[in-house]
Amino acid sequence: MRSKITSCPLPTTSQAWLHVVAAIFTIGPGTAAIMSTSRYIRKRNTVAVGYLYRITRIYVLASPLTLILGLIITQLLHLFSKPWISTVC
């Protein structure tokens, strides 16, 4: 039996890349900022804590972009019927 290989259309592929880039550039640095905040709280460095607080707020507002792009891609590919996506959503 031969398997049929289907290619992914360009808009869906570019949206998938946007989803990955959004995850890398919003969730990763936001997590790093949150994890390093406690160190500066212990050192009582109010300037650094204020800066990290501002960074954390920006990334918290930007991180839903990852979820939104993932839902758009799932809708375009008609994958909401898959069990692993239904369980996560």
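Of all residues in the range 1-48, how many are at pLDDT 90 or above, over 25 Å from the mean Cα position of the chain (by Cα) and β-branched (Val, Ile, Thr)?
Matching residues across the range 1-48 total 3.
Could you tell me whether any residue of the range 77-85 is over 18 Å from VAL21 (Cβ atoms), hydrophobic (A, V, I, L, M, F, W, C) and at pLDDT 85 or above?
No, that holds for no residue.
If you take the residues of the range 26-70 that are among the hydrophobic types (A, V, I, L, M, F, W, C) and farther than 26 Å from ALA16 by Cα, which of them is surrounded by the most Cβ atoms within 10 Å (Cβ to Cβ)? Talk me through it step by step, then tell me what you get.
Of the range 26-70, the ones among the hydrophobic types (A, V, I, L, M, F, W, C) are 27, 32-35, 41, 47-49, 52, 55, 58, 60-62, 65, 67-69.
Filter once more, so that each one left must be farther than 26 Å from ALA16 by Cα: 34-35, 41, 47-49, 52.
Working: ILE34: 15, MET35: 10, ILE41: 13, VAL47: 8, ALA48: 15, VAL49: 16, LEU52: 21.
The selected residue is LEU52.
The values are calculated or read from the model by the stated rules, or taken from the named source; none is laboratory data. Keep in mind that this is a model prediction, so the values were computed, not measured. Heads up, the Cβs are rebuilt from the backbone with ideal geometry, glycines too, and the neighbour counts pull from every protein chain shown.
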